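Student: First the structure, then my questions, so here it is.
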Amino acid sequence: MTPRELFVGADHPAAFRTIGEALAVAADRDEIHVLPGEYRESLVIDKTVRIGGDGPRDRVILRPLINGEPCVSIRGGDPYLHDLTIDGSEFDRVDPDGADPVAQLSIAAGSPLIDAIHIYGAGGIWIGGAATSGQIMRCAIHDSVYGIRVDSGAAPVIQDNDVWRSASVGIAISGAGTHPQVRANRIHGGGGGSGIRVRDGASPHIRENDVWGNAYAGIAISGAGTVPLVRAKRIHDGGGGGIWIYDGAFPRIEDNEVWGNVRPGIAISGVGTRPEIVANRVHDGHGNGIVVVEGATARIDANDVWGNVLAGMAIMGAETDPLVKANRVHEGRGGGIVIDGGARPRIEENDVWDNALPGISIIGDGTDPLIRANRVHDGQSIGILVDDGASPRIHDNDLWANVQPAIAIMAAGTDPLIRANRVHDGHDNGITVDDGAIPRIVDNDIWANVLSGIAIIGEGTNPHVRANSIHHGRTSGIYVIDGASPRIEHNEVWGNAAEGIYISGRGTAPVVTGNTVRDGLDDGVYVLDAAVPTIESNTIRDNALLAIRVDDGAEPFVGPNKIRT
């Protein structure tokens, strides 16, 4: 049967007066042309028909007939709606009973094509039902509570729409089995919620959208079993954060650009929350770049994080244990990576440079991350700071050209293991230990720093310094003062511009044993100012001045050493 063309409008000689009248007589594949005008409708569509504006879209206006009911309901078939305006603005956008407002375009079944529709006011578009698919494309949806809601297992394609000034959420996706394709949309200016919200087990693919200027998160993802793919989006200039992942969700967040948000670019929170955050660019935010808190577990891999006001990454809270690998964290106005409050991440193979505060800060009792194979360099502050009782393992890192010490270890009870790192070409000490810290510093290669290779300062500061190579520094190799009592054994100290080992201050009582101190441009060991070290079983040779110099009332115990001048 040949499709018929039906016309709706007062000015057409063969026209129907309402769209509902034309729809009642239309068969599958018929076309209904709607002429410019205003139409009060409560349409129920369950057939494969085409309904479109025959004139400028903004002059073909549908308004709901009854408050509390959709203007258009699709309950079956594969209808095609295009070039219409649906105006729901005369009814309240917020339901007085607290329920979700009624959508002006409701799709409960079928596979419709909704193209170039203009919708504003009330509840926007709703799509639901396990057998419901179709496409929503090139629509303008604004000043609604929700722009588009998808739930109950629906799987539409939502593409190239402009959604703005939603009172709650621009696009809301919820429910197990709900898996729309959301791509190339613009979602912006939401005044009361997120740009996109995904929750309760939904699994959309969200690609190539531009999300900006929303009051809260650009994208909020929550709930166990919620597994969206969020890829190649621009999420920026929000009043809240860029992406917020919480309550057990495990999305994949890949290749997005996130910038200029007031809160964190990406925030991950809650036990059981375990997203993959891969190859994103997170920059120029007004808070932290990426935050992981409250026991979350994430894989944060190959991201570029720069220029944020606070930390590039902040990882906080007991049992918070992400893997942070192969990221670039740089040029922040705060620190590079901050780890606090008992967190236990693995920080591996990252490149951290030119941050205003420490490249990596590890703070607090019970905070015991693994810091391995990172490059921390050219910072404006400390390379790695360990403070307030933290006990990280810091292995196999390369630290250079930081303005302050490459590694600074502070406070009583702070007991990291510093092993097999390369610490060089810094503008301060290579490693500083102060304020009662008790680290183990083992098997590191430390060279060419402007100040001492290792500086150990203060009463109760009793590290174990063993089997390190400390050489070619511009001042002392090892510097021990102000009552510190480290054990310094089996190190190789050579070619430094000042003393190989400098020991000063009343009560300063290191045990210096089994070391080789050689080829320095000054004394091998210099003891002064009432220090009381034990110096025995060392090999001290070929230094420019004395092997052991004792001045100013110092009282060392000097046992058998091998000395050659």
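The values are calculated or read from the model by the stated rules, or taken from the named source; none is laboratory data. Source: prediction; values computed, not measured. Neighbour counts are summed over all protein chains in view; Cβ atoms, including those assigned to glycine, are modelled from backbone coordinates with ideal geometry.
Student: Does HIS118 satisfy being at pLDDT 95 or above and in contact with a helix residue (DSSP H, G or I) (Cβ under 9 Å, 6 or more places away or on another chain)?
Tutor: Yes; evaluated as a whole, the condition is true for this residue.
Conditions tested, residue by residue: (1) in the same structural domain as SER133 (by TED's automatic domain parsing); (2) over 19 Å from SER133 (Cα atoms); (3) in a loop (DSSP other than H, G, I, E, B).
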residue: ILE158; (1), (2), (3): yes, no, no
residue: VAL163; (1), (2), (3): yes, yes, no
residue: ILE173; (1), (2), (3): no, no, no
residue: ALA176; (1), (2), (3): no, no, yes
residue: GLY191; (1), (2), (3): no, yes, yes
residue: SER194; (1), (2), (3): no, yes, yes
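Student: Working only within the stretch 530-544, note down all residues that are in contact with a Pro (Cβ under 8 Å, 6 or more places away or on another chain) and part of a strand (DSSP E or B).
Tutor: THR534, ILE535, GLU536
Student: Restricting the search to the stretch 202-219, which residues are buried (at least 18 other Cβ atoms within 10 Å of the Cβ) and closer than 22 Å to VAL157 by Cβ?
Tutor: Of everything in the stretch 202-219, those that are buried (at least 18 other Cβ atoms within 10 Å of the Cβ) and closer than 22 Å to VAL157 by Cβ turn out to be ALA202, SER203, PRO204, ILE206, ARG207, ASN209, VAL211, GLY218, ILE219.
Student: Moving on. For the stretch 133-180, how many residues meet the condition of being buried (at least 24 other Cβ atoms within 10 Å of the Cβ) and of a type in the set (Phe, Trp, Tyr)?
Tutor: Within the stretch 133-180, residues that are buried (at least 24 other Cβ atoms within 10 Å of the Cβ) and of a type in the set (Phe, Trp, Tyr) number 1.
Student: So, one more: Being of a type outside the set (Val, Ile, Thr) and part of a strand (DSSP E or B) is the filter here; which residues of the stretch 140-151 pass it?
Tutor: ALA140, HIS142, TYR146, GLY147, ARG149, ASP151
Student: Answer yes or no as to whether ALA356 is surrounded by fewer than 18 Cβ atoms within 10 Å (Cβ to Cβ), modelled with pLDDT of 95 or more and closer than 28 Å to GLY295 by Cβ.
Tutor: no
Student: Just to be sure, is ALA311 buried (at least 24 other Cβ atoms within 10 Å of the Cβ), of a type in the set (Gly, Ala, Ser) and more than 11 Å from the chain's Cα centre (by Cα)? Write out each step before concluding.
Tutor: Details: buried (at least 24 other Cβ atoms within 10 Å of the Cβ): yes; of a type in the set (Gly, Ala, Ser): yes; more than 11 Å from the chain's Cα centre (by Cα): no.
In short, no.
Student: Tally up the residues in the stretch 198-228 that are within 20 Å of ASP160 (Cα to Cα) and in contact with a His (Cβ under 8 Å, 6 or more places away or on another chain), please.
Tutor: Start the filter on the stretch 198-228 by keeping residues that are within 20 Å of ASP160 (Cα to Cα), which leaves 198, 203-214, 218-219, 228.
Then keep just the ones that are in contact with a His (Cβ under 8 Å, 6 or more places away or on another chain); that gives 203-205, 210-214, 218, 228.
Of the residues in the stretch 198-228, 10 are within 20 Å of ASP160 (Cα to Cα) and in contact with a His (Cβ under 8 Å, 6 or more places away or on another chain).
Student: Can you spot a residue in the stretch 333-342 that is more than 14 Å from the chain's Cα centre (by Cα), closer than 26 Å to GLY248 by Cα and not in a strand (DSSP E or B)?
Tutor: Yes, the stretch 333-342 contains a residue that is more than 14 Å from the chain's Cα centre (by Cα), closer than 26 Å to GLY248 by Cα and not in a strand (DSSP E or B).
Listed here are the residues, each with its yes/no results for (1) in contact (Cβ under 8 Å) with a residue 40 or more places away in the chain; (2) farther than 19 Å from TRP400 by Cα.
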{"position": "HIS330", "(1), (2)": "no, no"}
{"position": "GLY336", "(1), (2)": "yes, no"}
{"position": "GLY342", "(1), (2)": "no, yes"}
{"position": "PRO345", "(1), (2)": "yes, yes"}
{"position": "GLU348", "(1), (2)": "no, no"}
{"position": "GLY359", "(1), (2)": "yes, no"}
{"position": "ASP368", "(1), (2)": "no, yes"}
{"position": "HIS377", "(1), (2)": "no, no"}
{"position": "GLN380", "(1), (2)": "no, no"}
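Student: List every residue pair whose Cβ atoms sit under 9 Å apart, with the two residues 6 or more apart in sequence or on different chains, where the first one lies in the stretch 206-234 and is more than 19 Å from ASN261 (Cβ to Cβ) and the second, anywhere, is of a type in the set (Asp, Glu) and in a loop (DSSP other than H, G, I, E, B).
Tutor: Partner pairs satisfying both residue conditions: GLY223/ASP200; GLY223/ASP247; ALA224/ASP200; ALA224/ASP247; GLY225/ASP200; THR226/ASP200; THR226/ASP247.
Student: Name every residue in the stretch 310-366 that is over 16 Å from ILE394 (Cβ atoms) and of a type in the set (A, V, I, L, M, F, W, C), in order of residue number.
Tutor: Result: LEU310, ALA311, MET313, ALA314, MET316, ALA318, LEU323, ALA326, VAL329, TRP353, ALA356, LEU357.
Student: Kindly provide the set of residues from the stretch 506-529 that are assigned to a loop (DSSP other than H, G, I, E, B) and under 19 Å from HIS464 (Cα atoms), ordered by number.
Tutor: Result: GLY507, THR508, ALA509, PRO510, GLY514, ASN515.
Student: Here's another thing I want to ask about it. For the stretch 1-118, please list each of the strands (runs of 3 or more DSSP E) lying entirely inside it that holds at least 2 residues being surrounded by fewer than 17 Cβ atoms within 10 Å (Cβ to Cβ) and either more than 40 Å from the chain's Cα centre (by Cα) or free of Cβ contacts under 8 Å to residues at least 24 places away in the same chain (or both).
Tutor: 37-41
This table checks each residue for (1) on the phi > 0 side of the Ramachandran plot; (2) polar (S, T, N, Q).
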{"position": "THR432", "(1), (2)": "no, yes"}
{"position": "ASP443", "(1), (2)": "yes, no"}
{"position": "ASN449", "(1), (2)": "no, yes"}
{"position": "ALA455", "(1), (2)": "no, no"}
{"position": "GLU459", "(1), (2)": "no, no"}
{"position": "SER485", "(1), (2)": "no, yes"}
{"position": "TRP494", "(1), (2)": "no, no"}
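Student: Sticking with this one: Name the residue, out of SER106, SER111, that is among the hydroxyl-bearing types (Ser, Thr, Tyr), touching a Gly at 6+ places or on another chain (Cβ under 8 Å) and more than 28 Å from TRP244 (Cβ to Cβ).
Tutor: The conditions single out SER111.
Student: Do you know which residues across the stretch 121-139 are under 21 Å from GLU69 (Cα atoms) and either among the polar types (S, T, N, Q) or not in a loop (DSSP other than H, G, I, E, B) (or both)?
Tutor: Residues satisfying the conditions are ILE125, TRP126, ILE127, GLY128, THR132, ILE136.
Student: Looking at the stretch 482-526, which of its residues are surrounded by 17 or more Cβ atoms within 10 Å (Cβ to Cβ), closer than 16 Å to ALA455 by Cβ and of a type in the set (A, V, I, L, M, F, W, C)?
Tutor: Hits for the stretch 482-526 are ALA484, ILE488, VAL493, ALA498, ILE501, ILE503, VAL512, VAL525.
Student: Ok, one more. Being in the same structural domain as VAL517 (by TED's automatic domain parsing) and touching a Lys or Arg at 6+ places or on another chain (Cβ under 9 Å): is that true of ARG466 here?
Tutor: yes
Student: Has the stretch 242-251 got any residue that is out of contact with any strand residue (DSSP E or B) (no Cβ under 9 Å at 6 or more places or on another chain), surrounded by fewer than 21 Cβ atoms within 10 Å (Cβ to Cβ) and closer than 29 Å to VAL309 by Cβ?
Tutor: So far as the stretch 242-251 goes, no, none of its residues is out of contact with any strand residue (DSSP E or B) (no Cβ under 9 Å at 6 or more places or on another chain), surrounded by fewer than 21 Cβ atoms within 10 Å (Cβ to Cβ) and closer than 29 Å to VAL309 by Cβ.
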